[in-house]
1. Please enumerate the residues belonging to the stretch 147-177 that are within 28 Å of Tyr225 (Cβ to Cβ) and either in contact (Cβ under 8 Å) with a residue 60 or more places away in the chain or of a type in the set (Asp, Glu) (or both).
2. Out of the stretch 100-122, which residues are free of Cβ contacts under 8 Å to residues at least 24 places away in the same chain and in contact with an Asp or Glu (Cβ under 9 Å, 6 or more places away or on another chain)?
3. What's the number of the condition Glu66 fails, among (1) at pLDDT 95 or above; (2) surrounded by fewer than 18 Cβ atoms within 10 Å (Cβ to Cβ); (3) assigned to a helix (DSSP H, G or I)?
4. Say whether the condition of being within 16 Å of the ligand (Cβ to nearest atom), loosely packed, with under 13 Cβ neighbours inside 10 Å and modelled with pLDDT of 55 or more is met by at least one residue in the stretch 2-25.
5. If you check Leu144 against the conditions, is it at pLDDT 95 or above and either among the charged types (D, E, K, R) or more than 25 Å from Arg246 (Cβ to Cβ) (or both)?
6. Please go through the stretch 131-157 and give me each residue that is surrounded by 19 or more Cβ atoms within 10 Å (Cβ to Cβ), part of a loop (DSSP other than H, G, I, E, B) and more than 15 Å from the chain's Cα centre (by Cα), ordered by number.
7. Just checking, how many residues over the stretch 190-220 are surrounded by 23 or more Cβ atoms within 10 Å (Cβ to Cβ) and polar (S, T, N, Q)?
Amino acid sequence: MSSTSTQTDKLAASSINPATNNACIVCGATDAAPLYRGILKCRACGYVFADMRLTDEELFELYNEEFFTGAEFSDYAADAKFFRKNFRLRFRELKKFLDPARHQNLLEIGSAYGFFLDVVRDEFAAVQGIDITDAGVRFAREELKLDVVQADFLAHDYGARKFDVVCMWDTIEHLREPQAYVEKIAAHTERGALLALTTGDIESLNARLRRDKWRLIHPPTHLHYFSPESIAQLLDAHGFDVIYNRYCGFYRSIGNMAYNILILRQQKPALYRPLERLGVGGLGFYLNLYDIMYVIARRR
Ligand SMILES: [Zn+2]
């Protein structure tokens with residue numbers, strides 16, 4: 001049996017019955033109800049999640065090299081220009097809340113190829129990343145000479161180390177236990193530290209109109225779907241006050257967009273290949289669908 005079908009079998013077998021579901025990771029309530037097929041919503045706080053549990057092995061399997069070069073992205077490294085533009089936009093907002101004397105050490109969880117760390121490296125005394133993907137970590141270390149560890153954040157021992165700024169770009173929705181991440185971030189930050197993250201808003205107009213067809217409904221890679229209320233509640237439970245939450249836009253390459261639509265969604269390579277040959281992939285545009293939250297929170 002191939003590893004892919006083993007994984008699919010395990011995912012199917014690990015589906016959980018809402019009636020016997022564990023406590024909500026945001027509010028602790030135990031009455032989740034189906035929202036869409038395979039997607040549950042906590043009736044008490046509105047937190048939405050995929051109805052599946054992944055083992056460590058399954059999670060690592062999802063984020064192998066293919067994640068960045070086919071499964072989720074057409075060619076991650078080739079889109080570097082657009083990722084850098086996005087990260088410059090993110091940092092421009094974050095910078096408004098930074099005190100250079102107070103915020104000197106930055107950690108990025110889910111640092112992928114290291115483009116964000118590379119964009120901000122001169123703004124801090126030290127920047128460090130952590131990621132579980134081999135190809136991303138290798139690129140960040142070897143090509144960009146960044147301080148990045150390849151490990152699971154929850155398993156990695158930071159000792160008594162404290163960070164002043166922690167970033168998680170489009171990462172929290174992928175995690176198996178986001179509440180454990182926020183708890184560990186709290187343990188490695190002190191009063192005044194900042195936590196910045198982006199993630200989809202399940203209560204956004206676009207998400208509500210598109211329902212289960214919303215582009216960010218994407219299990220098993222996207223497991224958690226927050227709203228402004230549920231993300232604020234989760235962060236508050238671990239000592240973080242949300243001080244900023246706005247919808248953010250992003251730059252996309254036409255190549256990546258076409259790949260997503262024509263290959264991943266519609267499976268029409270015959271339409272995609274001519275675009276690829278024309279070389280339009282390097283062109284891009286800015287888009288704000290008002291469904292991705294940019295959240296900045298401060299440690300109490
Ligand atoms: Zn809840």
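The values are calculated or read from the model by the stated rules, or taken from the named source; none is laboratory data. Just so we're clear, the structure is a prediction, and the values are computed from it rather than from any experiment. Virtual Cβ from ideal backbone geometry, glycine too; neighbours counted across all protein chains shown.
1. Result: Asp152, Val165, Val166, Cys167, Met168, Trp169, Asp170, Thr171, Glu173, His174, Arg176, Glu177.
2. Step one: list which residues in the stretch 100-122 are free of Cβ contacts under 8 Å to residues at least 24 places away in the same chain, which gives 100-101, 122.
The one that is free of Cβ contacts under 8 Å to residues at least 24 places away in the same chain and in contact with an Asp or Glu (Cβ under 9 Å, 6 or more places away or on another chain): Pro100.
3. Every listed condition holds for Glu66 apart from (1).
4. yes
5. Details: at pLDDT 95 or above: yes; either among the charged types (D, E, K, R) or more than 25 Å from Arg246 (Cβ to Cβ) (or both): yes.
Yes.
6. Initial filter on the stretch 131-157 (surrounded by 19 or more Cβ atoms within 10 Å (Cβ to Cβ)): 131-133, 135-137, 139-140, 146, 148, 153.
Going one step further and asking which of them are part of a loop (DSSP other than H, G, I, E, B), we end up with 132-133, 146, 153.
Once the filter is applied, which keeps residues that are surrounded by 19 or more Cβ atoms within 10 Å (Cβ to Cβ), part of a loop (DSSP other than H, G, I, E, B) and more than 15 Å from the chain's Cα centre (by Cα), the stretch 131-157 yields only Leu146.
7. So the count comes out to 1.
So that you can scan it fast, the table gives a plain yes or no per residue for (1) modelled with pLDDT of 95 or more; (2) among the polar types (S, T, N, Q); (3) outside any helix (DSSP H, G or I):
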| site | (1), (2), (3) |
| --- | --- |
| Phe60 | no, no, no |
| Gly70 | no, no, yes |
| Asp75 | no, no, yes |
| Asp79 | no, no, no |
| Leu117 | yes, no, no |
| Arg121 | yes, no, no |
| Gly129 | yes, no, yes |
